[in-house]
Structures are given as structure tokens and as C-alpha cells.
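Beneath this line is the structure, given in C-alpha cells, with notes to follow.
The values are calculated or read from the model by the stated rules, or taken from the named source; none is laboratory data. Computed from a predicted model, the values in this text were never measured in an experiment. Cβ placement follows ideal geometry from the backbone for every residue including glycine, while neighbour counts extend to all protein chains displayed. Ligands, DNA and RNA are excluded from the accessible area calculation, which covers all protein heavy atoms including side chains. Shrake-Rupley method; radii C 1.70, N 1.55, O 1.52, S 1.80 Å.
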Amino acid sequence: MSVPPEDELPANITVAARMATFFRGGGVIAPIVTVLVAFIAGGFVVLLTGHNPIETYSAIFKGTGFNWFFPWLSEDDRIIAALNLQQTLIITTPLILTGLAVAFAFRCGLFNIGGQGQYIVGVIFSVWVGSSFDGLPAFVHIVLAILAGMLSGAVWAGIAGLLKALAGTNEVITTIMLNWIAIWVGVWVFNLGSPLQNDNPAQVDVPVSNDIAASAKLPVFWGDPQLQGLHIGIFIALAALVVFWVLLNRTTLGYEVRAVGFNPDAAEASGINVRRNYVLVMAICGAFAGLGGALDLLGWQFRVATNDIQTTKLAFFGIAVALLGRNTAIGTLLSALLFAGLITGTSVRNLDPTVFEPQLATNLTYMIQGLVVLLISTDVLVVYLMRLRRKRRAQAVTA
Amino acid sequence: MTAKRVGWAGVALGFLAFFVAVPPLTVRSPLVVIVLAVLAMAAGSYAIAGGERRLGWSAIVAGLVGLAGGYAATQSGVANLDRVVVWGALGAATLRYATPLIFGALGGLFSERSGVINIGLEGMMLMGAFFGAWGADLTSSWILGLLIAIAAGAVFGALHALFAVTFRADQIVSGTALNLLAVGITGYLFVEVYGDLGTPDDLPQVPNVSLPIDWLPLLGDVFGELNLLVWLALGAVLVTWVFMFRTPMGLRLRSAGENPLAAETAGLNVVRTRYFAVMTSGGLAAMGGAFLSIGFLHTFTQEMTAGRGFIALAALIFGRWRPGLALTATLLFGFGSALAGRLPVFSPSGAVLFQALPYVLTLIAVTGLIGRSIPPLALGRPLPRS
């Protein structure tokens, strides 16, 4: 008995194609309106629970450090703003990369929910390389640790691509499963008595990894390294944006990826190896996310505890970043900045607790993120606005 | 001897290889385990050669698992084995761990059978967990708490339906959005209402059902003292099966998921059917969440569902969108968790790895190694615009 060939490539239009139609209609207005609506809805929640939304949002904005750009800021305020802005940019780095991990897959008609797992696997392997091989020259050590993160992320995501190519398995299901496998492996691997738990005799009871060697730490170029200044990872993330754009728009691979994204059947018919594309694209996505994990680790975290693995939600923001950014390079950058600002602005460290409780604000951030994804999922607003415009035009013609 | 029978025999032998090595049999010789496991794999190879590929591979996998588990058991002390493998306690714990998964999987079944992907199960479960606790606290009644939880889940389901059915959004994206939203909403309300103190200690609880069957061996330990919601979950499986496969309503719901256009042509209101299905889905998933907060753990903590919604989804896929098979899958996953709860006797950290088991099994299942899971035909596709 042989297995009948599954309908791997449904004749149905892919998510990417459907979204592209919506996006062409909406342009840049829809994301902006979406964000505004999400913030206003969040403001209502704040208001209904008896707080002042305007004070809250302005305190959050102060926490982001974006006010550093205001020329009228006093010298003292500018020092604080610089510290905050460094935080925001530190968080922007992984958000750009996990955003790209989602965006690149989207352009191929794949939905990569596995950014979280790919990021975690990247963290695990780069902390391993970063804390072993003491005595290497700094540059070599950093490159090796980053490559370890990228490669492991690529392999992890590649599993989902391979299963899609070989068995036609839906990548949404496999990436979700791979996320949770990565989380539990991560929890295990730094646990007491596990392979990557620290070998410091004073910390035998602490489920945390070894600290990475000084030679593996990314240099800080703005601010005090002792105060978590901004590391050079942000430039690597910006370079990744350029790579993403070039790869997508200026290479054969990118052309094929976009073709498969719009219509896999047509792409197959015109001689593109669709299956090979699935594997390759997922691997590249995983490399982006793994790079994000490696940069976080080498740039400011320096060690991982089992607790971090379970609670980190940075990589999940990648989905919102990519969707809001319309799966483009510039859009990903802007929405990564937005969400990084939100995360930093609502953090315990940056938000003034006398104005609004940071714990509340953190959850407000999740709410706003959820609303953004919900609204972007349909672009109801776009359709509504387009109808409105069409109506007005029709009225203008008749008048 | 057909290849099929040999294949099934192989699967059974694989399980036997593990079973002989643990109490009450506790065979100490690894040779017995190895022989049984090899026989299982041989039977699997025979079945594959005879054309039963999936069954054969299942037998080989069962043989490998039996070999690993059985061999590990023969190498460890009898005292440890006796502490870990207490079938009565394991059985009860399995049901406890499986309950939220059963509710979640049944919820997913309703939604997905009607053609709407429900990645948002986790969020609906979390809503149920919080609103169950909050509602029970406000009204001082677990019944009202449970009802409020169901209502909250249904509202979330309606939101999913609004976007996925009416606005024709991508169902995976809107489901993901619901998960994020649920974390935000429940977290915000929890901090706002309870702050640093957490839920009060006198939170009303769903009661346990004590059956007078203490004297029965094994069954008495497993079923004697279970939470009411555990029984409700088991009952819900039966009700779901009857509804889905033995009533006209169920047939209509399934037709909306298989061929919505034909159903629409035949006079069915597909949109309304899908709304009903997704809201039921939310209510059921929320019951699973409420079990966690007011049935099992007696408190609410932020993000307490911790991926159980996704395991429920995995169980649904593993169980090929069928109530009985999904129940089997949840029991399997529940057994894994129950075993993991007792394994720290051997290795405190290694037991953690067991938590990854449901996901690995699902990964194997969806790739078609052990029987292909075929989803409802129109899953994920909105009704074409007329």
C-alpha cells in the first residue's frame, strides 16, 4: 500500500498572497491607523481601571528614551534619556531579527511561529560556545559564538522546512511544537546536574549557565558597559535588514521565494524547486532568529537561567513586528523600534512607579501587541477606509 | 497471518517490553526486555515488508521506546521502581493532568470540525483560568465561577469568530493575536485586582467526587476521589461524540468544515454554524482553564496555562480530529506528565525533558510516520464571498 501524494501545495491562494492584496490596498496608512487604534483601546482600559491614560502614556514615552532626540531637553534629563534609549535599542536588536525570521517566511507563503524556539536554540548554542574555548582572540570568539547561534537556529527551523518539503506537514503546527521542545530542552540543559549548568562550586544549586568569557562579549560603543550600554549588535541587526532586502529583491533566491509566496503551483510549473525553497527559506529564517538570540546573549545577558528560557517573550514579539511592518525591511525596522520602545517604556527599570505600576504596564504592552496583531490580521480598517474613499469619490463624480 | 495482525502484535510486544520490567512484574533481566523489543521490531519490519508501512513503523517505534524504558527500569533499584510506578496514583494523576487537555482538545474539535483553525485555545484557556478564579472569588460560588469562566471563553470565541469568519482574516494570525491578548488581559486584571498578594486562600473550589469503591484494587485508587471536572471532562467526550456523529446538528457542523459551499447551497447558514462552533470551543477550553485555577491548583498565577492549550491542540491533531482518539492522546500526554512528576527520584533535571514528549510525539504524528492526520477539508478557509 503506498501513501497517496498529499496535496502539499494547495491550489488555494496562500496567506502571503492574500496579505499582499490587502497591503497593496492599505499602503502605509493602515499600520499607522492600527497602532493608533490599539493605543487608544489600551488607553480606555487604563481609564476604565481608574488611571490617567495621558499621564501613563507620557510616562511610558519618557521611559523609552525617545525624548533624547528633543533639542529642548535639559542636560540632566538628557543623561537619563540616553540611558533609556540605549535600553530601547538593545531590545530593538532581537526584535528586528525575530521580525525578519517571520517576515522572510511570510514572503515565501510560510508562517513561521517558531521564532521563539529558534531564538532559544540560538541562545543555548552561543552560550555554550561563548563560555567554552577561553583564551581565543576576541574577534574569533565572537564570530564563532554568533555562527553557533545562527547555525543552530537554521537547523532548528530547517526541520520544519524539511518536514514541509518531504511530507507536506503544515509549518504552523511543526514550528509551534518545535518552540515548546526548544523551551523544555532549554529548561533541562541549564538545570541542576545537566550538561550546561555552571561549574562554579558556589552556584551548584543555581540552575544557570556559565558566564560567557570576556573575549566573547560584544563591545559597547555607547554608554557605560557596567550600566548595560548599547552594544554593537544593533549594527549587525541593521546589516541583517540590508541582507534581507538584497536577498529578497536582488537575488535569484529572492525572486523564487516571492514567486512561491504568491502561487506555489505556478512557481513549480515554471521550474522553481518549491520544496528546496521551503527548506532554504526556513533555514534562513532560523538563522535570523538564532542570530537574535546570540546577540542578546553576547551583548547584554552574558548567561542564561532556566527561568529566562521560560519567561522570555522577546521572540514572540517578532510576529507582531513582521505583521505590522508589512514584511518589509523598513517596516520591520520601524515596528521593531515601536515595540522595543513599548517594552522598555513599561519595564520596571524605566517606568516611574508613582505614575503607573510597571507590572500593569507590562501587561498593557501585551494587550496592545495582541490588538495590533488582531487588527492587522484582517486589515478591517484598510477595507473600511478604502470603501469610504470609494464612496466619497463616487459622490464627487455624481456631484 | 496477515501483515496487519503481525504489525499490531509488534506494537503490543513493544509495550510489553516496558511493562514486564516495572512493578508488579519487575523482571530484572535485561535479556527479556531486549528479546521482546527485538521481536516487536522484527514484527514491524515484517509488517512493512507486507505493505503495512504505518503500522510497521509504529511497531518499530514502540519496540525502541519499550527497549529504552524497559532497559532503564532493569538497571535501576527495585525500591526506586516501587516508589515511581504506583499504578493507582499514576492513574489518578494521569486523569488530573489530562483534564484541561481533554477540555481543550474537545474545544479545538468543535472549532476545527466547523472549518475554523483554533490556535487561540491557549488564550481561551487562560481566560477561563482567570475569570473562573475571579468569578468564584466575587460570587463566593464555584458554580458561578465556572459559568463566568465559560462565558469569558465564549466571548473570546466570538471575537475569534468575528475576525476569522466575518472579517475573513487569516485564522492563524487572529488566533495568535488572541493568545497575546489573553496574556495581556488576564495579567492586567490580575495585577489590578489582586496585586502582589495573589488570589485569596479561601477561593471557592470545585468539589471532589468521592465514590465508595475504596475496596476495589487499582480502580478504587484511580477513580475513588476525583474532581467533579474530571468526570465532566470524560462525560464531555461522550457528549461531543454523540453530538458530532449522531445528531443532525453535528452533521451540519462537520459539513461546514468539509465543504462549506455545498453546505450553504443545501440551506445551512455556515457563518452562524461556525460562530456557534467557535464559541462552544471557547467555552470548553475555558472550562479546562477553570479546572486549573479552581479545581486543581487552587490559585491563579499569570500565564498559568503554560502551553497546555498547545498540547491540547497537539492531542487533537494526534487524535485525528476524533473525540475518542483525542481522549486517548490526552491520556497519553497526561501519563507522561504524571510519570514526570514521579521521576525526580532518579534525576531531578532529566524529568523535565518528559514535558517535551507530547510535542515530539505530535511532530512524529503530523509527519505521517504513524498514520497521517487528515484535517477537515475546508480547515482554515473562509467561506467564499458570494
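Across region B:248-259, which residue is farthest from B:S114 (Cα to Cα) among those that are open to solvent by 50 Å² or more (accessible area, probe 1.4 Å) and free of Cβ contacts under 8 Å to residues at least 60 places away in the same chain? Among them, the one singled out is B:P248.
One line per residue, one yes/no per condition, for (1) open to solvent by less than 60 Å² (accessible area, probe 1.4 Å); (2) within 14 Å of chain A (Cβ to nearest Cβ); (3) in contact with a helix residue (DSSP H, G or I) (Cβ under 8 Å, 6 or more places away or on another chain):
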{"site": "B:A9", "(1), (2), (3)": "yes, no, yes"}
{"site": "B:P30", "(1), (2), (3)": "yes, no, yes"}
{"site": "B:V33", "(1), (2), (3)": "yes, no, yes"}
{"site": "B:A47", "(1), (2), (3)": "yes, yes, yes"}
{"site": "B:G63", "(1), (2), (3)": "yes, no, yes"}
{"site": "B:A73", "(1), (2), (3)": "yes, no, yes"}
{"site": "B:V78", "(1), (2), (3)": "no, no, no"}
{"site": "B:A92", "(1), (2), (3)": "yes, no, yes"}
{"site": "B:L109", "(1), (2), (3)": "yes, no, yes"}
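Going through region A:260-284 one residue at a time, which ones are surrounded by fewer than 19 Cβ atoms within 10 Å (Cβ to Cβ), part of a helix (DSSP H, G or I) and either touching a strand residue (DSSP E or B) at 6+ places or on another chain (Cβ under 6 Å) or small (G, A, S) (or both)? Within region A:260-284, A:A266, A:A269 meet the criteria. So, in region A:224-247, how many residues would count as being in contact with a Phe, Trp or Tyr (Cβ under 9 Å, 6 or more places away or on another chain), open to solvent by 10 Å² or more (accessible area, probe 1.4 Å) and not in a helix (DSSP H, G or I)? Final tally of qualifying residues: 2. Residues in region B:201-233 that are over 24 Å from the mean Cα position of the chain (by Cα) and surrounded by 16 or more Cβ atoms within 10 Å (Cβ to Cβ): B:L203, B:P204.
Within region A:157-165, does at least one residue satisfy the condition of being under 19 Å from the mean Cα position of the chain (by Cα), of a type in the set (D, E, K, R) and within 13 Å of chain B (Cβ to nearest Cβ)? No, that holds for no residue. For region A:292-299, the condition of being over 17 Å from the mean Cα position of the chain (by Cα) and more than 14 Å from chain B (Cβ to nearest Cβ) holds for at least one residue. Cβ-Cβ contacts under 6 Å between residues 6 or more apart (or on different chains), taken from a first residue in region A:89-111 that is more than 14 Å from every other protein chain (Cβ to nearest Cβ) and open to solvent by less than 10 Å² (accessible area, probe 1.4 Å) to a second residue that is assigned to a helix (DSSP H, G or I) and acidic (D, E), are listed as A:P94/A:D296. For region B:260-280, the candidate set comprises residues that are touching a residue at least 12 places away in the same chain (Cβ under 8 Å) and open to solvent by 70 Å² or more (accessible area, probe 1.4 Å); within that set, the residue that is nearest to the chain's Cα centre (by Cα) is B:M279. For the structure I just gave you, tell me whether A:A213 is closer than 30 Å to B:G175 by Cα and open to solvent by less than 60 Å² (accessible area, probe 1.4 Å). Judged against the criteria, A:A213 is not a match. When restricted to residues that are of a type in the set (S, T, N, Q) and within 14 Å of another protein chain (Cβ to nearest Cβ), region A:36-88 contains 2. Select from region A:51-72 the residues that are touching a residue at least 40 places away in the same chain (Cβ under 8 Å) and aliphatic (A, V, I, L, M) and list them in ascending order. The answer is A:A59, A:I60.
Criterion applied to B:G108, B:G104 was being within 17 Å of B:G324 (Cα to Cα), part of a helix (DSSP H, G or I) and touching a Lys or Arg at 6+ places or on another chain (Cβ under 7 Å), and the one residue passing it is B:G104. Contact map, region A:338-351: residues that are surrounded by fewer than 22 Cβ atoms within 10 Å (Cβ to Cβ) paired with residues that are small (G, A, S) and not in a loop (DSSP other than H, G, I, E, B), Cβ distance under 9 Å, separation 6+ or inter-chain. Pairs shown: A:S347/A:G63; A:S347/A:A361; A:R349/A:G63.
Among the residues of region A:176-199 satisfying the criterion of being open to solvent by 20 Å² or more (accessible area, probe 1.4 Å) and more than 9 Å from every other protein chain (Cβ to nearest Cβ), which is farthest from B:A315 (Cα to Cα)?
Let us first name the residues in region A:176-199 that are open to solvent by 20 Å² or more (accessible area, probe 1.4 Å), namely A:180, A:184-185, A:188, A:191-193, A:195-197, A:199.
Among the residues that remain, those that are also more than 9 Å from every other protein chain (Cβ to nearest Cβ) are: A:195-196, A:199.
On the way: A:P195: 31, A:L196: 31, A:D199: 39 Å.
Step by step, filter region A:176-199, then rank; the result is A:D199.
For region A:160-180, the set of residues classified as β-branched (V, I, T) and under 15 Å from A:G286 (Cα atoms) consists of A:V172, A:T174, A:T175, A:I176, listed by residue number.
One line per residue, one yes/no per condition, for (1) closer than 15 Å to B:Y275 by Cα; (2) at pLDDT 90 or above; (3) assigned by the TED database to the domain that holds B:Q302; (4) open to solvent by less than 20 Å² (accessible area, probe 1.4 Å):
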residue	(1), (2), (3), (4)
B:S141	no, yes, yes, no
B:A149	no, yes, yes, yes
B:A164	yes, no, yes, yes
B:L189	no, yes, yes, no
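Any residue at all in region A:238-257 that is touching a helix residue (DSSP H, G or I) at 6+ places or on another chain (Cβ under 7 Å) and basic (K, R)? Checking region A:238-257: not a single residue is touching a helix residue (DSSP H, G or I) at 6+ places or on another chain (Cβ under 7 Å) and basic (K, R). Name the single residue that is most open to solvent (accessible area, probe 1.4 Å) among those in region A:295-329 being among the β-branched types (V, I, T) and touching a residue at least 12 places away in the same chain (Cβ under 8 Å). Residue satisfying both the conditions and the ranking: A:T328. Among the residues of region A:160-175, those identified as among the hydrophobic types (A, V, I, L, M, F, W, C), buried (at least 23 other Cβ atoms within 10 Å of the Cβ) and modelled with pLDDT of 90 or more are A:A160, A:L163.
Considering region A:112-123, and only residues there that are assigned to a helix (DSSP H, G or I) and within 14 Å of another protein chain (Cβ to nearest Cβ), the residue that is surrounded by the fewest Cβ atoms within 10 Å (Cβ to Cβ) turns out to be A:Q116. Looking only at region A:70-83, which residues are open to solvent by 20 Å² or more (accessible area, probe 1.4 Å) and assigned to a helix (DSSP H, G or I)? Those that are open to solvent by 20 Å² or more (accessible area, probe 1.4 Å) and assigned to a helix (DSSP H, G or I): A:E75, A:D76, A:D77, A:R78, A:I79, A:I80, A:L83.
Which of the following residues is at positive phi and either crowded, with 18+ Cβ neighbours inside 10 Å or assigned by the TED database to the domain that holds B:F110 (or both): B:G198, B:G283?
Of the residues listed, the single one that is at positive phi and either crowded, with 18+ Cβ neighbours inside 10 Å or assigned by the TED database to the domain that holds B:F110 (or both) is B:G198.
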